[in-house]
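**Q** A single structure is presented below for examination.
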Amino acid sequence: MTIAGPLRIAILYVAIALIWITLSDRILFLFQDIFDPEIYSWINSGKGFFFVIITGFLLYKLIIIDERRLIEIDDQQRRSDDELKRLANIVTRVNNMIIITDENNHITWINKAVEDRTGFHLHEIAGKSPSEFFIGPETGMDVLGQIIQRKKALEIFSMDIGCYTKSGDRFWVHGEFTPLFDDDYEHTGYIAVYNDISWRKQKEDEITRQNDKLKEVAWLSSHEIRRPLANIMGLANVMRVASNMDEKVEIMESINLSAKELDKIVHKINSKINEEINSDLITSSR
């Protein structure tokens, strides 16, 4: 435990005074037979003045040293405060959303980007878990479970999370989570930096939907079209060898039915392709 400057100086002064009083008389007594009585008396009287001069000088030096130390501490504190203010100003202004939680996963601080994007303010959510506010009906519970487990393990990790605003709008973020420790390496919480990836997720959903449409069109092309086309080809071969006109007319009617079925399938495929193209045009115009 560090003793405050003035108290430290006072204790040191008292200690030196007690040592001087105790030892000076004993040491001087040893030389009383050596010195002339007048000189001895003069030394005995002067040792008090000598003590005052020496201790005054020592006190002056101690006070100067202590003042310099206090000035250095104040300068360091001022620089630290200025650095913290500068960093806080930078963090507050960045576009990325930042949430700081304590060791119990309770929110202690959020930056302005979080407030602007979600509609929640610090005084509303301070002291509560992020999952109480930012999750919704479509948030993956498995993702939340992974986050909790990895936080307990004090890991550095990143993850995509589906979140919700105060008004209930869904958005996606890519979160990077870093554990925080104090000077004694004791865990004090987590800092999470979130980047809004809603646009990327929207594109991924569009690509998935387009792939599903393409798979459906491919299936229609490879299976639905193949059946009436095979019928037409088979009936055409039968018609070549048929000698009876009634048989040929009947075959032609069957060919006509298969052709109509094939035409319906082609129209269905064209309809799905046009639907996808129109959907892309509407999305791109937003």
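Rule-based calculations on the coordinates, nothing more; no lab input. What you see is a predicted model, and the numbers here were worked out from it, not measured in a lab. We place every Cβ from the backbone using ideal geometry, glycine too, and count neighbours over all the protein chains shown.
**Q** My understanding is that a pair violates if its Cα-Cα distance is over 30 Å; which of 166/215; 215/248; 112/151; 166/203 do that in this structure? Walk me through the intermediate numbers first.
**A** Numbers: 166/215 38 Å; 215/248 38 Å; 112/151 24 Å; 166/203 24 Å.
Exceeds cut-off: 166/215; 215/248.
**Q** Follow-up. Taking 0.36 nm per residue of separation and subtracting the Cα-Cα distance, what length does fully extending residue 268 through residue 116 add?
**A** So the extension gain works out to 50.1 nm.
**Q** Sticking with this structure for a sec: Taking the Cα-to-Cβ direction at residue 157 and at residue 19 and moving 7 Å from each Cα, how far apart do the two end points lie in nm?
**A** Going by the 7 Å Cα→Cβ label model, 6.0 nm.
**Q** Past the 18 angstrom mark, what percentage of all C-alpha to C-alpha distances in region 171-270 do you count?
**A** Values: 3478 of 4950 pairs.
Distances greater than 18 Å cover 70 percent of the Cα pairs.
**Q** Now, a different point. Using the beta-carbon distance between residue 245 and residue 202 and R0 = 45 Å, what value does 1/(1 + (r/R0)^6) give for FRET efficiency, to the nearest 0.05?
**A** For R0 = 45 Å, the calculated efficiency reads 0.10.
**Q** Based on Cα positions only, what radius of gyration and what Dmax would you give for region 65-194, in angstroms?
**A** Just the Cα atoms of region 65-194 yield Rg and Dmax of 17.7, 65 Å.
**Q** Note the full-extension length gain between residue 254 and residue 184 as 0.36 nm times their separation in residues minus their Cα-Cα distance, in nm to one decimal.
**A** 16.4 nm
**Q** Which residues in region 141-181 place their backbone N less than 13 Å from a point set 7 Å from the Cα of residue 124 along the Cα-to-Cβ direction?
**A** Counting backbone N atoms under 13 Å from the label point, the list is 164-169.
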